[in-house]
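Comments concern the structure below.
The values are calculated or read from the model by the stated rules, or taken from the named source; none is laboratory data. Predicted, not measured: the structure shown is a model, and the values here were computed from it. Positions of Cβ are generated from backbone atoms using ideal geometry, with glycine treated the same way; all protein chains shown enter the neighbour counts. These accessible areas exclude ligands, DNA and RNA; they are computed on the full protein's heavy atoms, side chains included. Shrake-Rupley method; radii C 1.70, N 1.55, O 1.52, S 1.80 Å.
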Amino acid sequence: MNLSDFDFTLPEELIATRPASPRSSARLLVAQGDEISDGVVRDLPDWLRPGDRLVLNDTRVIPARLFGWRERDGAQGRTRAQIDLTLLEPRADGCWAALVKPLKKLREGETVVFSDALSAELIAREDGQGLFRFNLAGEDFDAALEQAGAMPLPPYIAAKRPADARDKSDYQTVWAERSGAVAAPTASLHFDAPLLEALAAKGVQFTHVTLHVGAGTFLPVKVDDVTTHKMHGEWGEVTPQAAAEIAATKANGGRVIPVGTTALRLIETAARDTGAIAPWTGVTDIFIYPGFAFRVTDALMTNFHLPKSTLMMLVSALMGQERVRRIYAHAIAERYRFFSYGDASLLMP
């Protein structure tokens, strides 16, 4: 199974840099078996049945992009350098791992100032990343980060424009609750209150799980034999209540439909040991590619993904590689908008 098997050519102008407004006005491609239909996200209730269950990732994206400066006394006097951080994950000791630009301009023990309230000291370097200790913790840290930080937009959007105030709401789901993600579960960005009310009125049920999406979701696959690729780890939790709700839906003949690949990866992780959904907490690095045996997922709502990405491999595992090629060719021909702020698909194998 070669990396080139998951490649396609995408016109640059189809990469969305802003979401649809209102959220549920985004377009929806529905692939049911071999049939492809074109619709709008607000019509999702028409495609679902009473007793179906949507699995929603309730992670909350933190404003993980920080722009600061460090000052240093030297032979040329006091100098200042701009330092940009993208927070990746907190460590058990309270420090944060972060990507740093430029790392070479920062020495261990130096402090980066982000605002009057927030600063951080570089403690160590690890694998091209920096390990930082902030001057604040807990709710004080959260409040200062909210003021100083910007949303960590995906690289393909950040290359076109900087993050701004709109992104703090646009790049967050309406049900976001548990802080910890540095990337959004983007299929969930299409939901708004009217759509949720319409789905509930149809008899569709909802279950919340948590997977803190990491920056590794944007890392390219660098091996030609995709089966040798190593996935990044992400923390997640399926509570006993969530597992019971999903199990009850399966037992009653309803469909379990994760909204987004993050929710799908989590519930399939939680079913690996026993073959059925079970409560689970931990770090998952599950890699789903063609040949994978799905144990919980009956369908998937997801956005359109990058060529040669692990997410293209995931949807190919669910729908079949040839069918996914046809779906993506249709999406490109019909001018669907791609990637994090783009349109959605409902994939029902």
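Take the conditions (1) more than 24 Å from H212 (Cβ to Cβ); (2) touching a residue at least 12 places away in the same chain (Cβ under 8 Å); (3) open to solvent by 20 Å² or more (accessible area, probe 1.4 Å); (4) not charged (D, E, K, R); Q76 misses just one of them, which is (2).
With a requirement of 2 or more residues that are of a type outside the set (A, V, I, L, M) and surrounded by fewer than 16 Cβ atoms within 10 Å (Cβ to Cβ), the strands (runs of 3 or more DSSP E) lying completely within the range 253-349 that satisfy it span 280-284. Within the range 236-245, identify whether any single residue is of a type in the set (V, I, T) and surrounded by fewer than 18 Cβ atoms within 10 Å (Cβ to Cβ), and answer yes or no. Among the residues of the range 236-245, at least one is of a type in the set (V, I, T) and surrounded by fewer than 18 Cβ atoms within 10 Å (Cβ to Cβ), which makes the answer yes. Restricting the first member to the range 84-108 and to residues that are closer than 18 Å to D73 by Cα, and the second to residues that are of a type in the set (G, A, S), the beta-carbon pairs closer than 6 Å and six or more apart or on different chains are K105/A81. Close contacts from the range 123-144, counting a first residue that is farther than 17 Å from K105 by Cβ and a second that is assigned to a strand (DSSP E or B) and among the hydroxyl-bearing types (S, T, Y), with Cβ to Cβ under 6 Å and a gap of 6+ residues or different chains, come to N135/S119. Counting only strands (runs of 3 or more DSSP E) that sit wholly inside the range 67-133, those with at least 3 residues that are in contact with a Leu (Cβ under 7 Å, 6 or more places away or on another chain) are 77-90, 96-101, 119-126.
Is it fair to say F191 is modelled with pLDDT of 95 or more, open to solvent by 20 Å² or more (accessible area, probe 1.4 Å) and over 18 Å from L99 (Cα atoms)? Don't jump to the end; show me each part of the working.
Working: modelled with pLDDT of 95 or more: yes; open to solvent by 20 Å² or more (accessible area, probe 1.4 Å): no; over 18 Å from L99 (Cα atoms): yes.
For F191, the condition - modelled with pLDDT of 95 or more, open to solvent by 20 Å² or more (accessible area, probe 1.4 Å) and over 18 Å from L99 (Cα atoms) - is not met.
Within the option set V112, V40, being in contact with a strand residue (DSSP E or B) (Cβ under 7 Å, 6 or more places away or on another chain) and in contact (Cβ under 8 Å) with a residue 24 or more places away in the chain holds for one residue only, V112.
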